[in-house]
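K.L.:
Dumping the structure here so I can ask a few things about it.
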Amino acid sequence: MARAFLVVMDSVGIGGAPDAAEFFNNGRPDTGANTVGHIAEACAKGLAEEGRNGPLHLPNLGALGLGAALELASGMTLPGADAKPTGMWGAATEVSRGKDTPSGHWELAGVPVPWDWHYFPDTQPSFPDHLTKALCQAAGTDGILGNKHAPGTAIIEEFGAEHLRTGWPICYTSADSVLQIAAHEDHFGLERLLDMCKAVAPMAHEMRVGRVIARPFVGAQGAFQRTQNRRDFAISPPKPTLCDWVQSAGRKVHAIGKIRDIFSGQGIDDVAKGADAALIAHLRRAVMTAEEGSLTFANFVEFDSLYGHRRDISGYARALEWFDTELGKLLDILKAGDMLLITADHGNDPSWSGTDHTRERVPVLVAGLGEKPLGHTGFVDVAATVADHLGVASQGPGRSFLQSVSR
């Protein structure tokens, strides 16, 4: 019985989204944004030399077809990735109207988002009075700090000392449909923070806010650090997803990274969490031990969280090269008949303006099932393909790559 490993390289877009002009960063349309392409360009010009040097080196992703997918999606070329692909490769386009984590993951799992998300205005305050009141009630405080759009690390530096002095939680948002709450693990308490997020999540979800995110941190002024105890309280998918299809067929579904949070635990048997370095070890273990017929669904978030939003080109390039090295080790231990499908949920071009995600197509790279160009595909086709490989009935609108090479 076949096994499937679905791996999301969070935010590793390849440009070319046909509706990019409808999405913005600091008032600039996302037209022309290209996460992988612009990182490769910067590396080739010697402009991404912090902790690495030279052209972007991705031999394993290139061999699976990343360069070919990039050229298909956007017309750009990936230097050093011109070898004939050894895997299935294509470029996927999203139809959901968000360029956020839940939209991308749900659609990859066969369920496009059927509604428009609610986004908080880039004003101060950002939150309506009734939500601010609920936040104070849930925290047991007389007020909140922040109440605006901000990057997570910056707002902790701005309000961390006042948070320690007053005990008020730091509440903020971004261009995504999110409500984020930061608090000190020792002074405010991790469980108290999680309870607060859990209490306000139903109100946020009723507003069509995609996620309430707990952002715990430790340390003192000038040395605050976010911890790995982040927790996302996401709105539930409106229909059964790939995870539910597989689980309903009596198979196991293993989550690695923030997958359980994104799907509100639906269709998930167990989860392994941690930093990306720990997650790759969990994924290697799954490749060695996962049951026949199982799905392992992994997300590697640090491309996005540590480098994309912070517009750190060198850091993003280092992360891609690290992942490529680890991918080579995974390919060596795949069993005959296994499918390893690598994709992304959106873009986050670190060369772009603003700090938001960028609207892009994403690569679809499949190892273990031979070489075949897939052409332009849809996000939903990923779910249909995984289901087909596992012999599970697809309940979504996608079409399997294993049955057709074009849409």
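K.L.:
Take LYS335 and GLN225, extend 7 Å from each Cα along the Cα→Cβ direction, and tell me the distance between the two endpoints in nm.
P.N.:
So the two model labels end up 3.8 nm from each other.
K.L.:
Can you tell me the length gained on complete extension of the stretch GLU22 to GLU291, counting 0.36 nm per residue apart and subtracting the Cα distance?
P.N.:
The span from GLU22 to GLU291 would gain 92.5 nm if fully extended.
K.L.:
Looking at the chain only, what percent of DSSP beta bridges run antiparallel? Nearest 5 please.
P.N.:
Percent antiparallel among DSSP bridges in the chain is about 35.
K.L.:
A follow-up question, please. Roughly how many nanometres apart are two label points built 7 Å out from the Cα toward the Cβ at SER248 and GLU191?
P.N.:
3.7 nm
K.L.:
If the reach is capped at under 15 angstrom between alpha carbons, list the aspartates and glutamates near LYS258, excluding any in the same chain fewer than eight residues apart.
P.N.:
Straight-distance partners of LYS258: ASP10, ASP100, ASP232, ASP269, ASP270, ASP276, GLU302, ASP304, ASP345.
K.L.:
Sort SER400, SER236 so the one with the fewest other Cβ atoms within 10 Å of its own Cβ comes first.
P.N.:
Neighbour counts put them in this order, fewest first: SER236, SER400.
K.L.:
Would you please give the residues with an amide H less than 5 Å from that of THR86, counting only those at least 5 places away or on a separate chain, with H modeled from the backbone geometry?
P.N.:
LEU64, GLY65
K.L.:
Once both axes come from the Cα atoms, what is the angle between helix 35-44 and the longest principal axis of the chain, in degrees from 0 to 90, rounded to 10?
P.N.:
Approximately 80 degrees, to the nearest 10.
K.L.:
Sort HIS357, HIS389 by Cβ crowding within 10 Å, fewest neighbours at the top.
P.N.:
Ordered from fewest to most neighbouring Cβ atoms within 10 Å, HIS357, HIS389 come out as HIS389, HIS357.
K.L.:
From the Cα gyration tensor of the range 51-156, with a ≥ b ≥ c the square roots of its eigenvalues, which class applies: rounded if a/c is under 1.5, or else prolate if a/b is larger than b/c, or else oblate?
P.N.:
The shape class here is prolate.
K.L.:
Can you tell me the 0 to 90 degree angle between the C-alpha axis of helix 190-206 and the longest principal axis of the chain, rounded to 10?
P.N.:
80 degrees
K.L.:
In what order do VAL8, VAL246 fall by count of nearby beta-carbon atoms within 10 Å, going from fewest to most?
P.N.:
Ordered from fewest to most neighbouring Cβ atoms within 10 Å, VAL8, VAL246 come out as VAL246, VAL8.
K.L.:
Expressed as a rounded percentage, what relative contact order does the chain have, with Cα pairs under 8 Å and six or more residues apart?
P.N.:
That works out to 30 percent.
K.L.:
Go through the range 240-248 residue by residue and turn each phi into a ³J(HN,Hα) via Karplus (6.51, -1.76, 1.60, θ = phi - 60°); whole Hz please, and just put x for glycine and proline.
P.N.:
Calculated HN-Hα couplings, in order: x, 9, 3, 4, 5, 4, 5, 5, 5 Hz.
Every number here is computed from the coordinates shown, using simple stated rules; none is lab data. Predicted model only: the values in this text are computed from it and were never measured. In this analysis, Cβ positions are derived from the backbone assuming ideal geometry, glycine residues included, and neighbour counts consider all displayed protein chains.
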